[in-house]
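Asker: So that we are looking at the same thing, I have put the structure below in structure tokens.
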Amino acid sequence: MTLRDNEVVELTTPTGPMRTHLFRPQAEGRYPGIVLYSEIFQVTGPIRRTAALLAGHGHVVAVPEIWHEFEAPGCVLAYDQGGADRGNALKTEKELRGIDGDTRAVLDHLKAHPACTGKLGALGICIGGHLSFRAAAKNADVRAAVCFYATDLHKGSLSKTGDDTLACAKDIAGELLMVWGRQDPHVPREGRRKIYEAITDAGVDFTWHEFNGQHAFLRDEGHRYDPELALRCHGLALELFHRTLGEGDLLAVAAGSVAESRH
């Protein structure tokens, strides 16, 4: 599907205005909503392409600037040591009330959006995977959450005061998709085991995938990118969203396109 990908809104949050980028199908209709949480670098080219992929498969996708309290609107951190250092510093400075308030603001915006069915999911990469997990734990209306190599989840170190994300697994009402790279030093085997046991003990509905991949294998820039693995993982995410959130008017649009092509 062709897209509308140049929409930007400023959402009100408990810690100030937050620029959020919207990607959605060009075709009229209503589609499920997805919050896409970026890596620590904010809305980079790879994140925008991931948003476009999700939107192209029939979703309204909202990508918030997760460091809006600290950086100017539109700021994108570079994929270098300086950018990594800045992002890693900010993830410990951000308050938990800001994290949870940001998520609620985006979910409410999606739910009220005229192009959204009101059925909501979340997807996140790296620190965004942690935020996606937390979104599901703190918001019962998140029906599905995809977490790609969620960093700091096993350490409880999302904020300088620590976080309760993993301890809140029992509150998750939706379904989780957990994806990991075995060669990812940020979430070692013992960390993955801790997360697996916690969500199993909590009775969470989840699927678990471990692949031979490095950290950032999903990012389509840099030497760690694994295109074949990324394609498989995007397919897993789309299957979950279509199954749990429905397809909105995607099927109607597809049927119309087929009919039009016959004339």
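Asker: Report, by residue number, each residue of the range 1-21 that is surrounded by fewer than 22 Cβ atoms within 10 Å (Cβ to Cβ) and aliphatic (A, V, I, L, M).
Answerer: Listed by number, the residues that qualify are Met1, Leu3, Val8, Val9, Leu11.
Asker: Restricting to the range 216-252, give me the number of residues that are assigned to a loop (DSSP other than H, G, I, E, B) and touching a Pro at 6+ places or on another chain (Cβ under 7 Å).
Answerer: Of the residues in that region, 5 qualify.
Asker: Looking at Lys111, is it touching a residue at least 60 places away in the same chain (Cβ under 8 Å) and surrounded by 18 or more Cβ atoms within 10 Å (Cβ to Cβ)?
Answerer: Judged against the criteria, Lys111 is not a match.
Asker: Further question: Taking the stated definitions as given, is Ile34 out of contact with any Asp or Glu (no Cβ under 9 Å at 6 or more places or on another chain) and either assigned to a loop (DSSP other than H, G, I, E, B) or modelled with pLDDT under 95 (or both)?
Answerer: Considered against the rule, which asks whether it is out of contact with any Asp or Glu (no Cβ under 9 Å at 6 or more places or on another chain) and either assigned to a loop (DSSP other than H, G, I, E, B) or modelled with pLDDT under 95 (or both), Ile34 comes out as no.
Asker: Spot the failing condition for Gly128; the list is (1) assigned to a helix (DSSP H, G or I); (2) over 11 Å from the mean Cα position of the chain (by Cα); (3) of a type outside the set (A, V, I, L, M, F, W, C), and only one is missed.
Answerer: The single condition Gly128 does not satisfy is (2).
Asker: Which one is surrounded by the fewest Cβ atoms within 10 Å (Cβ to Cβ) among residues in the range 53-83 that are aliphatic (A, V, I, L, M) and over 19 Å from the mean Cα position of the chain (by Cα)?
Answerer: Ala72
Asker: For the range 198-212, indicate whether the set of residues that are hydroxyl-bearing (Ser, Thr, Tyr) and not in a loop (DSSP other than H, G, I, E, B) is non-empty.
Answerer: yes
Asker: Take the residues in the range 156-195 that are of a type in the set (Asp, Glu) and modelled with pLDDT under 95; name whichever of them is surrounded by the most Cβ atoms within 10 Å (Cβ to Cβ).
Answerer: Asp163
Asker: Please determine, by comparing only the residues of the range 116-148 that are among the small types (Gly, Ala, Ser), crowded, with 19+ Cβ neighbours inside 10 Å and out of contact with any Cys (no Cβ under 7 Å at 6 or more places or on another chain), which one is farthest from Gly248 (Cα to Cα).
Answerer: Gly128
The values are calculated or read from the model by the stated rules, or taken from the named source; none is laboratory data. Owing to the predicted nature of the structure, the values given are computational and were not obtained by experimental measurement. Note: ideal-geometry Cβ built from the backbone for every residue, glycine included; neighbour counts use all protein chains shown.
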